[in-house]
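The values are calculated or read from the model by the stated rules, or taken from the named source; none is laboratory data. Keep in mind the model is a prediction, meaning the values are calculated, not measured. Ideal geometry is used to build each Cβ from the backbone, glycine not excepted, and the neighbour counts take in all protein chains shown. Just so you know, the surface numbers come from the protein's heavy atoms only, side chains and all, with ligands and any DNA or RNA stripped out. Shrake-Rupley method; radii C 1.70, N 1.55, O 1.52, S 1.80 Å.
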Amino acid sequence: MAEMVKEKSMEVRVMAAVRVKEPGKHFAMLVCWLLGNGSLIAWNSMLTIEDYYVALFPKFHPTRVLTLVYQPCALITISILTYREAKGNTRMRNLVGFALFFLSSLGLIILDVATGGKGGIGIFIGVCVSSAIFGVADGFVEGGMVGDLSLMCPEFIQSFMAGLAASGVLTSALRCMTKAAFEDSNDGLRKGALLFFAITCFFELLCFLLYAYVFPRIPIVKNYRMKAASEGSLTVAADLAAGGIKHRSQIADEEGLGPPGRLSTKDLLLQNIDHAISLYLIYVLTLSIFPGFLSEDTGSHSLGSWYAIVLIAMYNVLDLIGRYLPIIITLTSRKGIMAATLSRFLLIPAFYFTAKYGSQGWMIFLTSFLGLTNGYLTVCIFTEAPKGYKAPEQNALGNILALCLLAGISSGVVLDWLWLIGKGW
């Protein structure tokens, strides 16, 4: 009898230790939102000032070329890191990513100031190098952050995803303001571009400091990471140390088999193949239309030079709204998510005929719907997929899904290029 009571007491203590308390949850959500913003604001800034680069490099199709440079670097980087995620140092991975974002943004400012805002093939190559560094940084940060937050609560991953979209809204709003402020001034586009990357440098430095010194010390974050460590996660050790918690793994990893009882990456992919395909298809469609098609293939309209800016802004705003909709209603059915994903492909003929025969109002509507569905389905998948798995598996699955997302983006960019080649470029 005494032994039964002792065992029950030990069981209660273990359950209490594993149960995650939630002090600082809302502050952690805010930090996740800011980190999401910083994960994409550099690239969104480069996309949003595309009219400056089009004016500076009119013969090189910078909107498409910069994307084509960025995406392979991001995809190759995240593929390598996903393969080695079980042994990776998530903290170092994310800090390196934010540092690269900051240094490359600063490099663009230095390049523009040093050359006096002149064009030419040499300067364009320099801009392409910065785009490639942005891609490498994205490969470090996106998979690292998604994997890290997947082993915590769904609200964190939702906030991070909303922050990704918010960076697009922020850059679009700033672009509208800078265009209005500098449109009639000499070097107006250049002044706006320099302001963009100055703001980007501030955000990237802020995110570096938040992730290095603030996020690991939030109580709920420490609780989730202690829970992950208790389940055999090796990737949180450096983060626990940064939060003032000493942790020695009890897992023998000499044979490279990973934590005991953890599903392999292959098994996780097979169990979630529908989510992986859905994410891939969502971004294949989105990136085959946005931003290249919207920037160059929409014809002439009464909005003039504002037209592409308005389309991109509407996409970003509705993408952000879509990432908050799961708070109200979440699509949890795997079949439902796949059906919604496949139905989005009807937008391809819709965009084609609207660009050819429709008014700008219909184009704005379609662009808004593209953004809304993109944001909503993305968050539904990333918040639902990790449920039911142990922390090491959640981290691995988060990396896998982020890889599928970037693979979809890269394929969409290729399709966009094929569209351009088909037009006789």
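Looking across F196, F160, F202, one residue alone is surrounded by fewer than 24 Cβ atoms within 10 Å (Cβ to Cβ) and aromatic (F, W, Y). It is F202.
Of all residues in region 276-309 being open to solvent by 20 Å² or more (accessible area, probe 1.4 Å) and aliphatic (A, V, I, L, M), which is modelled with the lowest pLDDT? Ranking the candidates gives L303 first. If you go through region 84-119 and keep only what is open to solvent by less than 50 Å² (accessible area, probe 1.4 Å), free of Cβ contacts under 8 Å to residues at least 40 places away in the same chain and outside any helix (DSSP H, G or I), you end up with just G116. Taken over region 339-356, the criterion of being touching a residue at least 40 places away in the same chain (Cβ under 8 Å) and either touching a Gly at 6+ places or on another chain (Cβ under 7 Å) or crowded, with 16+ Cβ neighbours inside 10 Å (or both) is satisfied by T341, R344, L347, F351, A355. For R93, the test of being in contact with a Gly (Cβ under 7 Å, 6 or more places away or on another chain), closer than 30 Å to Y307 by Cβ and of a type in the set (K, R) is failed. Check whether at least one residue in region 360-373 is within 28 Å of C32 (Cβ to Cβ), open to solvent by 40 Å² or more (accessible area, probe 1.4 Å), touching a helix residue (DSSP H, G or I) at 6+ places or on another chain (Cβ under 9 Å) and touching a residue at least 12 places away in the same chain (Cβ under 8 Å), and report yes or no. Yes, region 360-373 contains at least one residue that is within 28 Å of C32 (Cβ to Cβ), open to solvent by 40 Å² or more (accessible area, probe 1.4 Å), touching a helix residue (DSSP H, G or I) at 6+ places or on another chain (Cβ under 9 Å) and touching a residue at least 12 places away in the same chain (Cβ under 8 Å).
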